[in-house]
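Asks: Mind looking over this structure? Questions follow.
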Amino acid sequence: MSILYSPTSRQGHEVEEGKLHTISLTINGVRKEIQVLPWVSLLDALREYLHLTGTKKGCDHGQCGACTVLCDGKRINSCLTLAVMKEGSDITTIEGIAPADGELHPLQKAFIEHDAFQCGYCTPGQICSAIGMMEEGKAHTRDDVKELMSGNLCRCGANTNIIDAIMEVKEGGKDE
């Protein structure tokens with residue numbers, strides 16, 4: 001038996017040999033190997049093991065979308081996904097969406113221009129979800145965007161501005 005120190009606690013947890021799983025993920029373009037227990041969510045692996053805290057833990061039940069990341073280009077709720085299930089996957093978090101040249105992603109710029117956040121807690125999940133939604137190619141109208149983004153909640157009430165920002169980027173220019 002070995003001792004695993006939980007990243008969120010100072011107490012050691014006894015772990016039987018063979019219970020830890022080594023998984024390999026590409027996170028924001030960089031290959032990472034981590035050891036996790038089989039029940040660790042992708043969200044906790046990102047935040048607690050890889051220290052990528054941009055992905056937020058909101059409800060931890062898949063109801064708010066604050067934990068949305070892109071997995072192999074598709075948006076997922078990382079709180080509902082076990083890290084071991086994503087072995088070999090390409091994960092993009094909010095930290096990895098901007099180009100390497102330091103520029104902001106067009107959605108980040110649009111969120112700023114449209115004042116599409118207040119507290120900012122949901123913003124990483126909103127942006128990752130919007131990128132995934134646009135890649136799906138199903139959003140053709142403002143109503144489509146509202147419906148397809150309905151899994152990402154903003155408790156501050158910036159929803160109209162969020163939709164405005166997404167529509168600007170989706171349409172490729174200024175929203176007038």
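Asks: Could you check the stretch 116-165 and list, in sequence order, the residues that are out of contact with any Cys (no Cβ under 8 Å at 6 or more places or on another chain) and of a type in the set (S, T, N, Q)?
Replies: Scanning the stretch 116-165 gives T123, S129, T141, S150, N159, T160, N161.
Asks: Out of the stretch 101-116, which residues are under 13 Å from N161 (Cα atoms), in contact (Cβ under 8 Å) with a residue 60 or more places away in the chain and not hydrophobic (A, V, I, L, M, F, W, C)?
Replies: Listed by number, the list holds a single entry, H114.
Asks: Can you pull out every residue in the stretch 127-146 that is closer than 17 Å to N77 by Cα and out of contact with any Phe, Trp or Tyr (no Cβ under 8 Å at 6 or more places or on another chain)?
Replies: Scanning the stretch 127-146 gives C128, S129, A130, I131, G132, M133, M134, E135, E136.
Asks: Scan the stretch 136-176 for residues that are within 25 Å of D60 (Cα to Cα) and among the charged types (D, E, K, R) and jot them down.
Replies: E136, K146, E147, R155
Asks: Sticking with this one: Do we have any residue at all in the stretch 44-62 that's touching a residue at least 24 places away in the same chain (Cβ under 8 Å), more than 19 Å from F117 (Cβ to Cβ) and of a type in the set (G, A, S)?
Replies: yes
Asks: If I go through the stretch 68-87 residue by residue, how many of them are over 11 Å from the mean Cα position of the chain (by Cα) and of a type outside the set (D, E, K, R)?
Replies: Pass one, the stretch 68-87, residues over 11 Å from the mean Cα position of the chain (by Cα): 72-73, 80-87.
Remaining after also requiring of a type outside the set (D, E, K, R): 73, 80-85.
Of the residues in the stretch 68-87, 7 are over 11 Å from the mean Cα position of the chain (by Cα) and of a type outside the set (D, E, K, R).
Asks: Being modelled with pLDDT under 95, assigned to a strand (DSSP E or B) and out of contact with any helix residue (DSSP H, G or I) (no Cβ under 8 Å at 6 or more places or on another chain): is that true of E14 here?
Replies: Numbers: modelled with pLDDT under 95: yes; assigned to a strand (DSSP E or B): yes; out of contact with any helix residue (DSSP H, G or I) (no Cβ under 8 Å at 6 or more places or on another chain): yes.
Yes.
Asks: Going by the conditions given, is E33 out of contact with any helix residue (DSSP H, G or I) (no Cβ under 6 Å at 6 or more places or on another chain), part of a strand (DSSP E or B) and either crowded, with 18+ Cβ neighbours inside 10 Å or modelled with pLDDT of 95 or more (or both)? Spell out how you get there, then give the answer.
Replies: Details: out of contact with any helix residue (DSSP H, G or I) (no Cβ under 6 Å at 6 or more places or on another chain): yes; part of a strand (DSSP E or B): yes; either crowded, with 18+ Cβ neighbours inside 10 Å or modelled with pLDDT of 95 or more (or both): yes.
Spelling it out, E33 is indeed out of contact with any helix residue (DSSP H, G or I) (no Cβ under 6 Å at 6 or more places or on another chain), part of a strand (DSSP E or B) and either crowded, with 18+ Cβ neighbours inside 10 Å or modelled with pLDDT of 95 or more (or both).
Asks: Continuing with this model, one more query. Consider the stretch 58-100. How many of its residues are under 23 Å from T160 (Cα atoms) and not aliphatic (A, V, I, L, M)?
Replies: Count: 10.
Asks: Which ones in the stretch 118-143 are under 12 Å from C154 (Cα atoms) and over 16 Å from the mean Cα position of the chain (by Cα)?
Replies: Once the filter is applied, which keeps residues that are under 12 Å from C154 (Cα atoms) and over 16 Å from the mean Cα position of the chain (by Cα), the stretch 118-143 yields Q118, C119.
The values are calculated or read from the model by the stated rules, or taken from the named source; none is laboratory data. Owing to the predicted nature of the structure, the values given are computational and were not obtained by experimental measurement. Ideal geometry is used to build each Cβ from the backbone, glycine not excepted, and the neighbour counts take in all protein chains shown.
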